C-alpha cells in the first residue's frame with residue numbers, strides 16, 4: 001500500500017513561479033545567443049568589449065544554469081525528487097557564470113555597481129529552489 005501526500009496549494013504556486021522564472025532565464029539565454037547584433041548595438045564601447053569577451057565556458061555555464069533550472073522546475077510540477085539535483089547543478093553553473101561576470105571580466109566597471117543586482121537575485125532564488133525542493137522531498141511531496 002502506498003500513501004500519497006498531497007502538496008498544499010502553495011507548493012503548486014511556487015512550482016509555477018519557479019517554472020516562469022526559469023523560462024525567463026531560458027529566454028534571456030536564447031536572446032543572448034541568437035540576438036547578439038541587436039544587443040551589441042545597444043551598448044557603449046566598454047560594455048560591448050565586456051559582452052564580446054565572454055568566454056565560451058561562461059556561456060556554457062549560462063546554458064547549463066537555465067536549462068537545468070527549467071528541467072528542475074518541470075520536475076517540481078511532476079512531483080519528482082530529481083528536481084533537487086537539477087537545481088543544485090543550476091546553482092553551481094550560475095555561480096560559475098557570475099564569477100566570470102563579476103570578478104574576471106570588467107562588467108562592473110563597464111555597467112556600474114547595479115551589475116551585482118541580478119546575479120545576487122538569481123543566486124538567492126537558486127538557493128531557495130534547492131531548499132524548497134529539499135522540503136518537498138522531506139514532506140513527501142516529491143517522490
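Tabulated data
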read-out	value
At R0 = 30 Å, FRET efficiency that the Cβ-Cβ distance of residue 27 and residue 143 yields, to 0.05	0.50
Sorted peptide list for 60-68, 134-142, criterion being average Cβ within 10 angstrom, highest first	60-68, 134-142
Label point at residue 45 placed 7 Å out along Cα→Cβ; residues across the range 78-115 whose backbone nitrogen lies under 13 Å	none
Helix 117-138 vs. the chain, principal-axis angle (Cα, 0 to 90°, nearest 10)	20
FRET E, pair residue 37, residue 120, Förster distance 30 Å, beta-carbon r, rounded to 0.05	0.55
Whole-Å distance, taken between Cα centres, linking the range 1-35 and the range 65-143	12
The chain: angle of helix 56-77 to the longest principal axis, Cα-based, in degrees nearest 10	20
For the chain, the fraction of alpha-carbon pairs in successive 5 Å shells from zero, as %	2, 10, 18, 20, 17, 11, 9, 6, 4, 2, 1, 0, 0, 0
Nearest-ten-degree value, helix 83-99 long axis tilted from longest Cα axis of the chain	20
Mean separation of Cα contacts under 8 Å, 6 or more apart, over the residue count of the chain: relative contact order %	28
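The numbers here are math on the coordinates, done by the rules we state, and not lab data. Note that this is a predicted model, so its numbers are computed, not measured. Ideal geometry is used to build each Cβ from the backbone, glycine not excepted, and the neighbour counts take in all protein chains shown.
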